[in-house]
Amino acid sequence: MRKLTNILVTGGAGFIGCNFIRVLLTKTPDFKGRIINLDALTYAGNASSLADIEKEFGGSRYFFQHADITDRARVEEIFKRYDIDTVIHFAAESHVDRSITGPEAFIKTNVMGTFTLLDVARNYWTETRADGTKGIRNDVLFHHISTDEVYGSLGDTGFFTETTPYDPRSPYSASKASSDHLVFAYHHTYGLPVTLSNCSNNYGPYHFPEKLIPLMILNMLDGKSLPVYGDGKNIRDWLFVEDHNTAVWAIVNKGTSGEKYNIGGENEWTNIDLLQRLIDIVAAKAKLDPAAIRSTITYVKDRPGHDRRYAIDCSKLKKELGWKQSVTFDQGLERTVDWYLANPGWVANVKSGDYQKWVEHNYGKR
Ligand SMILES: NC(=O)c1ccc[n+]([C@@H]2O[C@H](COP(=O)([O-])OP(=O)(O)OC[C@H]3O[C@@H](n4cnc5c(N)ncnc54)[C@H](O)[C@@H]3O)[C@@H](O)[C@H]2O)c1
């Protein structure tokens, strides 16, 4: 039986991690343990995203540790201090465009950081057994969060399955692919109990506004133009963030050690069709003229090496662990737009820093 008592969540101040922590502490009655959120608070991390959680659970079931996953001494100290028995590893440099302009940070965090966590976990969880031999405890788990981008790009048909060969094309996806291989290497070589998930594109509250959906929502609200890469026909599969997180929790509880699981929305959209749908929702909710918003769509030079289509086959997760998506795309988009309209303070906070400089560097002043 897995303990799941003292869970180290890395990257818990980021988009998916903060949603995961909130759901686990507020909507998961079967979880009675503690969460230790280890986050370096890079440009993408916001401690304020969990201010309500800190207030309600801080010091009892929720502990924030400002640390870098590449800092071995700090990671060791955190394992010891909180007697960590489970790692759920979200922390990463996560934005493909940034990996093209500055790949080094991706190699450091995604490859070296994952290695550091794995190695500290292996050491901390090694015990001496009754017969005097040493081995890794079997009540512990290292769950690694990864992406469907490790599989490369699809043509018009077909889906990524768990056996699709890896074919990463950007520095981001190559760094995530490396981290996936390290996770399985630690399982096969040292017997570390691991599970891994490869998920499609997430959307929802607390999403940093450099990513497509929040960028477009906020540009619409600010009356700015809507930049669309290339011909707008690249296809992504979209999943509401809470559905990603219920899948992660199902895998952590019931997934087989040494196995990987694809997570997806079964919800493919071209970027331009998604944008048209989003314009209707934002215009209706914010009482704006949809035609005026549509006139601001601007096709911009395509991202180098832009993968054409991702699509996920998540039938293994559905069949073996009984997971399914709970939110339709329209429901998820509406909840997301409502959240951005209700949280201008959070938006102003994240937009005040490095983000604005980055947008201007990549898209120019608007
Ligand atoms: N967003 C998606 O659509 C998506 C899809 C599939 C998989 N993923 C994966 O999910 C995970 C979380 O993605 P996200 O969108 O929440 O990312 P994010 O960029 O919003 O958050 C990443 C978090 O990690 C922290 N972090 C970065 N480097 C760190 C370091 N060296 N040490 C400690 N903390 C560090 C940041 O401060 C931030 O809080 C990533 O591993 C990503 O590859 C994301």
(message) Can I get the semi-axes of the chain's equivalent ellipsoid? Compute them from the C-alpha gyration tensor as square roots of 5 times the eigenvalues, in angstrom, largest first.
(response) 35, 22, 19
(request) Apply the Karplus parameterisation 6.51 cos²θ - 1.76 cosθ + 1.60, with θ equal to phi minus 60°, to every residue of region 177-185 and state each ³J(HN,Hα) to the nearest whole Hz, in sequence, with x for glycine and proline. (result) 4, 4, 5, 4, 5, 5, 4, 6, 4
(message) Restricting to Cα atoms and excluding each atom paired with itself, what does the Kirkwood estimate give for region 1-129 in Å?
(response) 15.1
(message) With θ taken as phi - 60° and the coefficients 6.51, -1.76 and 1.60, list the Karplus ³J(HN,Hα) couplings across region 249-256 in order, rounded to whole Hz; mark glycine and proline as x.
(response) 5, 5, 5, 4, 7, 10, x, 7
(request) Normalise the Debye intensity by I(0) for region 68-210, one equal point scatterer per Cα, no solvent, then take log10 at q = 0.09 Å⁻¹ and round to two decimals. (result) -0.32
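Let's test the formula: R0 of 45 Å, r as the Cβ-Cβ distance of D313 and D52. What FRET efficiency results, to the nearest 0.05? List each step's numbers first, then the result.
Numbers: r = 37 Å, r/R0 = 0.81.
Between D313 and D52 the formula returns 0.80.
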(message) Show me, for region 23-32, the HN-Hα J-couplings you get by feeding each phi into the Karplus relation (A = 6.51, B = -1.76, C = 1.60, θ = phi - 60°), rounded to Hz, glycine and proline as x.
(response) 5, 5, 7, 10, 10, 10, x, 6, 9, 10
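Which pairs, out of K55/K316; K108/K211; K55/K319; K32/K285; K80/K351; K224/K324, put more than 29 Å between their alpha-carbon atoms? Walk me through the intermediate numbers first.
On the way: K55/K316 38 Å; K108/K211 22 Å; K55/K319 38 Å; K32/K285 38 Å; K80/K351 36 Å; K224/K324 37 Å.
Beyond 29 Å: K55/K316; K55/K319; K32/K285; K80/K351; K224/K324.
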(message) Quick query: amide H of Q65 versus all other amide H atoms, modeled in the peptide plane; which residues come in under 5 Å with a sequence gap of 5 or more or a different chain?
(response) N37, L38, D39
(request) List every residue whose amide H lies under 5 Å from the amide H of N201, counting only residues 5 or more places away in sequence or on a different chain, with H placed 1.01 Å from N in the peptide plane. (result) D237, L239
(request) Report, for the chain, the % of DSSP beta bridges that are antiparallel, rounded to 5. (result) 15
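So how do M1, M220 line up by other beta-carbon neighbours within 10 Å, fewest first? Walk me through the numbers before you get to the answer.
Working: M1 5, M220 25.
Starting with the residue having the fewest Cβ neighbours, the order is M1, M220.
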(message) Check which residues have an amide H placed less than 5 Å from Y261's amide H, if you skip close sequence neighbours.
(response) L196, S197, N198
(message) Over the chain, what is the relative contact order in percent, taking alpha-carbon pairs closer than 8 angstrom and at least six residues apart?
(response) 17
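No lab work stands behind these numbers, since they all come straight from the coordinates. Because the structure is a prediction, the values reported are computed rather than measured. In this analysis, Cβ positions are derived from the backbone assuming ideal geometry, glycine residues included, and neighbour counts consider all displayed protein chains.
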